[in-house]
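Written out below as structure tokens is the structure these notes cover.
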Amino acid sequence: MSKRHDAVFDDVLKDLGDDTPARDRSGARFLKRSNTMAEQAGGQRQEKVLRLVDPARCVMWEGHNRAYDLLTEDNCRDLIDGILSQGQQEFPAIVRRRAEGQGAEYEVICGARRHFAVCWLRANNYPKFEYLIEERDLTDEEAFRLADIENRDREDISDLERARDYAKAVEAYYGGRQNVMAERLQVSAGWLSRYLQLAKLDDRIVRAFPSIREVKELHARQLKPLMATAEQSDAVLKEADAIAAEEANVPTAKVMARLRAAALPRKERQAADEVYRKHPEGQGVQVRRKGRRIQLEFDKDLKGDNLRVALMAFMKAHEAGKS
């Protein structure tokens with residue numbers, strides 16, 4: 001209640017007799033407390049209890065949708081700097097209490113990056129910082145939905161992490177019924193289906209990408225028709241293995257180009273995209289044809305014998321009329 005409202009209330013009370021404690025504003029305070037209690041009873045007001053704890057008392061919930069091991073000082077730098085600047089963690093993590101005898105006291109439902117940032121600060125000359133938490137009583141399904149709502153639009157959670165999280169949840173909480181899960185998450189069935197399809201992407205293909213953060217829902221859609229037959233699937237997986245074995249990370253666009261090319265029939269593949277290498281699983285020189293012109297492409301880090309042998313192999317094939 002504002003001071004102006006308190007004054008109005010006191011003015012009303014002042015003529016009710018000397019025995020009315022209007023002057024000490026207890027009437028206003030009583031009305032204020034009554035309103036608060038009514039709001040709480042009616043669900044219009046919720047009190048939250050926040051506490052600061054040692055982050056060692058918390059562990060990630062096993063259903064957490066973020067890969068904690070991918071968190072680093074670099075990708076949490078903005079949060080670390082923010083906590084340093086503010087002198088505290090601005091927003092609490094959502095946790096729930098674990099049963100006795102399970103080790104850590106709390107499990108983190110939302111707030112993995114905040115947990116990492118506080119742990120990093122404590123390990124790097126800022127021991128005063130503690131982890132700000134809000135404890136809630138949640139079922140696993142409620143915890144899953146809460147984490148999904150908080151993180152759905154976060155760019156620092158990859159499509160693949162989200163897809164794998166959904167794949168586990170649809171079985172664990174919704175009996176494998178995608179339509180029920182879509183309704184509970186308030187998303188379209190088609191949107192959810194695309195992420196569940198991504199979760200099925202072969203790990204051999206995932207390893208071909210520079211990072212799981214580079215694997216997008218769109219990539220799974222593009223690759224699905226290219227692996228329609230056993231022969232195509234085998235060719236794509238073998239090319240994925242070759243990419244993963246290369247010493248330097250292959251850019252995502254080139255990964256997809258090579259996987260698409262691998263799915264083509266053998267003759268078309270050779271004409272469209274030949275690769276000459278020193279070692280079968282190493283980097284090489286890629287050959288593309290554009291009419292009467294031939295274009296050679298290779299990674300800028302491909303040097304020495306690897307480049308020389310690959311170019312010599314191309315020259316030999318070209319002079320023999322095979323390229």
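What to note about this one:
- Filter result for E100 (exposed (fewer than 13 other Cβ atoms within 10 Å of the Cβ) and modelled with pLDDT of 65 or more): yes
- Test: residue in the stretch 132-144 that is part of a helix (DSSP H, G or I), hydrophobic (A, V, I, L, M, F, W, C) and free of Cβ contacts under 8 Å to residues at least 24 places away in the same chain: no
- For D299: the one exception among (1) at pLDDT 85 or above; (2) of a type outside the set (S, T, N, Q); (3) closer than 28 Å to E217 by Cβ: (1)
- Among residues of the stretch 50-72, those that are out of contact with any helix residue (DSSP H, G or I) (no Cβ under 6 Å at 6 or more places or on another chain), surrounded by fewer than 17 Cβ atoms within 10 Å (Cβ to Cβ) and not β-branched (V, I, T), counted: 9
- Given (1) more than 22 Å from M256 (Cβ to Cβ); (2) surrounded by fewer than 18 Cβ atoms within 10 Å (Cβ to Cβ); (3) not aromatic (F, W, Y), index of the condition A182 fails: (2)
- Which numbered condition Q286 misses (of (1) modelled with pLDDT under 85; (2) surrounded by fewer than 16 Cβ atoms within 10 Å (Cβ to Cβ)): (2)
- Checked against the criterion of being part of a loop (DSSP other than H, G, I, E, B) and either of a type in the set (S, T, N, Q) or touching a strand residue (DSSP E or B) at 6+ places or on another chain (Cβ under 8 Å) (or both), the candidates N249, N179 yield just one match: N249.
- Every residue from the stretch 265-283 that is part of a loop (DSSP other than H, G, I, E, B) and either modelled with pLDDT of 80 or more or within 13 Å of I243 (Cα to Cα) (or both): H279, P280, E281, G282, Q283
- Any chance I94 is more than 19 Å from the chain's Cα centre (by Cα) and buried (at least 17 other Cβ atoms within 10 Å of the Cβ): no
The values are calculated or read from the model by the stated rules, or taken from the named source; none is laboratory data. Predicted model, so just to flag it, every value in this text is computed and none were measured. In this analysis, Cβ positions are derived from the backbone assuming ideal geometry, glycine residues included, and neighbour counts consider all displayed protein chains.
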